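What follows is a single structure, written as structure tokens, with notes after it.
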Amino acid sequence: MKAHKEALIQEMNTVGVLGSSLDIMYPHQNRATAEKMINSGMLISEFESGTKPDRENFPQQNRIVAGMCDVCIVVESAVQGGSMITAKLATGYNRDLMAYPGAVDAIYSGGCNHLIKSQQVHLIEGIEDLEFIMRWERNESVKPGNQKQLFVELTRQEQVLFDLIKDKPKESLDNISLNAELPVSQTSTLLLEMEFKGVVKSLPGKMYAIG
């Protein structure tokens, strides 16, 4: 909830996934924040009206959270906890995974430290680490050409992505990543390079088509 509140302060859209139905807010003191989120993002629930926030609902909630994100960042978690479930689900969905390190004797850093120690995640200490993993730094000196090249050399991975897209009018980034068995961030970087080469073009909604 802290992340949602900060997003609202920064006037950013934010999306919340509930472990109950939309008509039951848990805990009750979050209702004011939830109402603001409706106007600056959305609330999501797959539970029918009247569903209480029972314990078994939260793994289902985590499944949706893991599927929505481009990168899953574990900030605090014990070795056994909901965030660890979300992290495992995110890995299964081929999402990038990051974790903040913490004191070795802190209970709620145990999960993060375990993920880092076992090399299941990227370590994150600040926004620069997130930008690096997500490949958000573009080389502005590289400009896509206006005229297509007749013969374009593609790397092996670029060829795999090309073959996944070529027979379809358009394809989503998530589907391309899943079918190529590559992390979303790496797939996005490859598609950007292919866009520079004039092979593919990006469309609204994280969709891609042959250029």
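Descriptive notes on the structure:
- From the coordinates shown, percent of Cα pairs over 24 Å apart corresponds to which of (1) 48; (2) 54; (3) 44: (2)
- 3J(HN,Hα) from dihedral phi, region 58-71, Karplus parametrisation 6.51/-1.76/1.60, rounded to Hz, x for glycine, proline: 6, x, 5, 4, 5, 4, 5, 4, 5, x, 6, 7, 7, 9
- Simple label model, 7 Å out from Cα along Cβ direction - residue 179 to residue 42, nm: 2.4
- Among 104, 65, 74, the largest mean-square fluctuation in a Gaussian network model of the chain, built with springs joining Cα atoms closer than 10 Å, belongs to 104.
- Karplus-derived 3J(HN,Hα) values for region 83-96, using 6.51 cos²θ - 1.76 cosθ + 1.60 with θ = phi - 60°, are 5, 5, 5, 4, 4, 5, 5, 4, 4, x, 8, 6, 8, 5 Hz; glycine and proline are entered as x.
- 18 Å Cα-Cα threshold exceeded, pairs from 52/88; 2/117; 2/206; 5/206; 166/201; 168/201: 52/88; 2/117; 2/206; 5/206
- Arranged from fewest to most other beta-carbon atoms within 10 Å of their beta carbon, 112, 69 become 69, 112.
- Note, ³J(HN,Hα) from phi for region 46-53, Karplus 6.51, -1.76, 1.60, rounded to Hz, x at Gly and Pro: 9, 9, 6, 3, x, 7, 7, x
- Amide H to amide H, with H built 1.01 Å from N, residue 98 comes under 5 Å of 72, 73, 74, 122, counting only residues 5 or more places away or on other chains.
- Proximal aspartates and glutamates relative to residue 36, as straight alpha-carbon distance under 19 Å, when same-chain residues fewer than 8 apart are discounted: 6, 11, 23
- Estimated 222 nm signal from helices in the chain, with DSSP H stretches of n ≥ 4 weighted -39500 (n - 2.57), rounded to 500: -12000 deg cm²/dmol
Bear in mind these aren't lab numbers, they're just calculated from the coordinates by the rules spelled out. For clarity, every value in this text was computed on a predicted model and none was experimentally measured. No Cβ is skipped: glycine too gets one built from the backbone with ideal geometry, and neighbour counts run over all protein chains shown.
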